[in-house]
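The values are calculated or read from the model by the stated rules, or taken from the named source; none is laboratory data. A quick note: this is a predicted structure, and the numbers were derived from the prediction, not measured. Counting neighbours? That spans all protein chains shown, and the Cβs are built from the backbone with ideal geometry, glycine included.
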Amino acid sequence: MEPIAADVDVKSAAAPHLGGSTQRVDEARRSITRTKVTQGPGRKSGESSDDPGQRSLIDRVLRSQHGELTPARKPFAGANVLRLVLATLLSALCLLTVGGAILVLLLWQQDRAAGVLSSQLERTWDLFDMLRQVERWVAFAVIPVATAWIALIAVNVHRATGRRRNPVVAAASLPIGLLGVWIVGSRIVADSSDWVGQAAGFVLQAIFIAVPLLALERLTGAAEARHRPLRASAWIAVVYLAQLQFLGGLSTIDQTSAADQWGRIGSYLVIGGLIQVLGALSINEAARGIEEGLDNRFQLRQRFGESLLAQVQQT
């Protein structure tokens, strides 16, 4: 086959128009992205055309799936708003866990100092139940916000970089991963009576956590952003999952009247709160890095095109 040769043909300049583009610039703008493919031997003329207006819809779809870049367009606004909402919800989860730890530790300290009345114990566990319910509602609110952010970022990747990323597949990776973690935890880890079954279930849960990680890795690579914050978020998620499964968290710890266990429960909640803080910071940094990477890619592609037009005007 003959090599593909670029056909860049800039005609002589016409008289410039005040306040508008010249005929020479218009011709250069069309010729920058125009390519001419020399037909190979044995191929019929007109079988394939590089002009998008002359290609069929099926041909354009098939060629776009093989990495054809589209012109750079400004990313949609709103990703930073969703990220701030997500960060606020994650911060609320941290505060709720710390609040539960404070309640249990105060109860433990009161028991060591002067004892705890039954009325005080009931009020403490009622507040604990209220915090647990609020935490569940906030956790359920995190899922749609994070899913919407991933979908919007996938769309912006296509607009800013020209690389196609399916927003439906990218956004569905998070609910699928969380659903898999929940099913394995309730069916395998919770029903296992030995540590071998629990360890196997935990490994399966870690695999499901990798599902949204892989989808976000593709978005991060397209945006040319740093991968470390995203990978750190995945590792922190695995550590927090282990803490929930084997030590307990605000939504998994059972109420008990045994005073000797209150200190241990409070300590577990403090550990969980610290892990949540690290996870919230890491997730926010990973999301911000992807947004900034997309903006930088868009600015780079846009300025590169403008520089080509400026060079044509000067020649």
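Looking only at the stretch 203-234, residues that are small (G, A, S), under 13 Å from I290 (Cβ atoms) and either buried (at least 19 other Cβ atoms within 10 Å of the Cβ) or in contact with an Asp or Glu (Cβ under 6 Å, 6 or more places away or on another chain) (or both) come to 5 in all. With respect to the conditions (1) over 19 Å from the mean Cα position of the chain (by Cα); (2) of a type in the set (A, V, I, L, M, F, W, C); (3) closer than 30 Å to P167 by Cα, V116 falls short on a single one, namely (3). Determine, yes or no, whether G221 is in a helix (DSSP H, G or I) and more than 13 Å from the chain's Cα centre (by Cα). No: the conditions fail for G221. Residues that are under 15 Å from the mean Cα position of the chain (by Cα), within 26 Å of F76 (Cα to Cα) and small (G, A, S) do occur in the stretch 150-162, at least one of them. Looking only at the stretch 226-246, residues that are under 21 Å from L179 (Cα atoms) and in contact (Cβ under 8 Å) with a residue 24 or more places away in the chain come to 14 in all.
Taking the numbered list (1) at pLDDT below 90; (2) exposed (fewer than 15 other Cβ atoms within 10 Å of the Cβ); (3) in a helix (DSSP H, G or I) in turn, N80 passes all entries but (1).
Taken together, the criteria place R123 among residues that are surrounded by fewer than 16 Cβ atoms within 10 Å (Cβ to Cβ), among the charged types (D, E, K, R) and at pLDDT 85 or above. Of all residues in the stretch 154-203, exactly one satisfies the criterion of being free of Cβ contacts under 8 Å to residues at least 24 places away in the same chain and of a type in the set (K, R), namely R187.
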